[in-house]
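*Asks:* Once you've had a glance at the structure underneath, I'll fire off some questions.
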Amino acid sequence: MFSFILTLAATRRTASKWSAFPLFALVFLGTGCDEQESEPQFYEGVTIGEGAVYVSARRWQKRGLEWLVEEGGTIRLQREVPAIADLDRAHEATIMVHGYHAPPRTIALCFAGLVSHLTDSGYRHPVVVFDWPSTAELWQEISLQERLWYMEATGVRNPGLSWELAGYSGDLVTANSTAADALIGLLETLSSTSPDARFNIIAHSMGCVVVFQAIRRRPELAKTLRDVFWLAPSLEAEKLDDAEFRNGLRQVGRLSVYHSLHDGLLGLLATATFSPRLGHTGPGTTSALPRNLTAYDLSDALGQTGVHSKYLEKDGPAAVSISNALAGERRRRRLTDPRHRNKRQCSERPFRACAFLHGRPKPDDSTARPPRPGSRYRKGRPVEPRTTSSAGNSMCGIRSPADPVSSR
């Protein structure tokens, strides 16, 4: 790469007191100045956690999505999509979206507990952590010089609250625009990599705003979403009534909203903006809820202090609920898949269907072999259900605690 300076001198003669005015134009020419940009320093010192793939949208408008690759203890950004393990085979992945005030140095720690819990609970599908450009800083994190400058420039009585509300407003603008566009681009990229894949999204705080805008803008892309989990959403509760969002939500498999009345951060935000927050009050203030929306009140489970960050704790109530929901969905798909039909699935079918599929003896076959212990059939005949009085409250041969144990 080389560059040179071309100096061009021109002389302008006018009738003014300046008889001659030299004009110098400096033209900087170079080759390849925009082709190779220096790596950003905001991921310096970051250690990528295990069990997840990280993608950055910090330079979305210039470079698009960039995937974080750790080499020799340093982070390198690449635009090529890495080979995400098991995505083509499993056709499922989980995307995690962080919220307000998430500097790049904490991106690996933001969902560390939740990723670890999913891994320990048996979740074996890819996990993608999506880092959108949040730039807000807390008042206690800035230097004393910046605090003095801000107090002198604004003259407000409560500079800390004013500073953090200003940072929140800036992140909110980004979440509604750049971050939502980048999330749409991520879903399109993963869908093109594996067209049959379906995705789960776990979003926290302002990350729910990002997901809300993505579903609202691209309802046809919402068909790729199987489960969406909103943890402490900072979204206004009335946004659930948005017609365009409702149109996209119909394409989503299920939306789960986790909220707590003891979330002091969202309570303060609701007071400052005069608008109830979905993660604080829940969806109770909205009109008739969609059929695929379920609300979980964790007010008692999360306690009363530090609630907003407890949603991401390992083995916390939110993590346990999410892992159980994902595991239940996997079991349901396995039972409905013809390749995984088994005797347990067929136990709800009529007797003759099970006998046809698995070779069980017919009821009128007196030459049938004795059944295994615990079987429903004895000597080829179905077990007669025990009849008891209404006080016994027994159905289908299942003894209730009130029924006496018969002696043999």
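*Asks:* Of the residues that make up segment 214-235, is at least one buried (at least 21 other Cβ atoms within 10 Å of the Cβ) and over 17 Å from the mean Cα position of the chain (by Cα)?
*Replies:* For segment 214-235, residues buried (at least 21 other Cβ atoms within 10 Å of the Cβ) and over 17 Å from the mean Cα position of the chain (by Cα): absent.
*Asks:* For segment 241-330, please list each of the helices (runs of 4 or more DSSP H) lying entirely inside it that holds at least 2 residues being among the aliphatic types (A, V, I, L, M), at negative phi and surrounded by fewer than 20 Cβ atoms within 10 Å (Cβ to Cβ).
*Replies:* Numbers: elements: 243-249, 264-273, 278-281, 307-310.
Because the criterion is at least 2 residues that are among the aliphatic types (A, V, I, L, M), at negative phi and surrounded by fewer than 20 Cβ atoms within 10 Å (Cβ to Cβ), the helices (runs of 4 or more DSSP H) in segment 241-330 that meet it are 264-273.
*Asks:* How many of the residues making up segment 229-240 are of a type outside the set (G, A, S), part of a helix (DSSP H, G or I) and touching a strand residue (DSSP E or B) at 6+ places or on another chain (Cβ under 9 Å)?
*Replies:* Filtering segment 229-240 down to residues of a type outside the set (G, A, S) leaves 229-231, 233, 235-236, 238-240.
Add one more test, that the residue is part of a helix (DSSP H, G or I), and what stays is 238-240.
Applying the additional criterion that residues be touching a strand residue (DSSP E or B) at 6+ places or on another chain (Cβ under 9 Å) yields 240.
Going through segment 229-240 one residue at a time, the tally reaches 1.
*Asks:* Considering every residue within segment 55-77, establish whether at least one is under 28 Å from A327 (Cβ atoms), at pLDDT 50 or above and of a type in the set (G, A, S).
*Replies:* no
*Asks:* Further question on the same structure: Tell me the residue from E141, E152, E137 that is surrounded by fewer than 19 Cβ atoms within 10 Å (Cβ to Cβ), free of Cβ contacts under 8 Å to residues at least 12 places away in the same chain and within 30 Å of A182 (Cβ to Cβ), please. Spell out the reasoning first.
*Replies:* Values: E152 fails: within 30 Å of A182 (Cβ to Cβ); E137 fails: free of Cβ contacts under 8 Å to residues at least 12 places away in the same chain.
Result of the check over E141, E152, E137: E141.
*Asks:* Could you please give the count of residues in segment 139-166 that are in a helix (DSSP H, G or I) and either within 23 Å of A214 (Cβ to Cβ) or among the aliphatic types (A, V, I, L, M) (or both)?
*Replies:* Of segment 139-166, the ones in a helix (DSSP H, G or I) are 139-141, 144-154, 159-166.
Subsequent filtering for residues that are either within 23 Å of A214 (Cβ to Cβ) or among the aliphatic types (A, V, I, L, M) (or both) retains 144, 148, 151, 153, 161, 165-166.
Here the count works out to 7.
*Asks:* Just the residues that are over 21 Å from V173 (Cβ atoms), touching a strand residue (DSSP E or B) at 6+ places or on another chain (Cβ under 9 Å) and among the aromatic types (F, W, Y), please, taken from segment 110-151.
*Replies:* Selection gives F111, Y123.
*Asks:* Shifting gears a bit: Where residues in segment 94-106 are touching a Ser or Thr at 6+ places or on another chain (Cβ under 8 Å) and under 18 Å from A319 (Cα atoms), which of them is surrounded by the most Cβ atoms within 10 Å (Cβ to Cβ)?
*Replies:* G99
The values are calculated or read from the model by the stated rules, or taken from the named source; none is laboratory data. For clarity, every value in this text was computed on a predicted model and none was experimentally measured. Note that we place each Cβ from the backbone using ideal geometry, even for glycine, and neighbour counts take in every protein chain shown.
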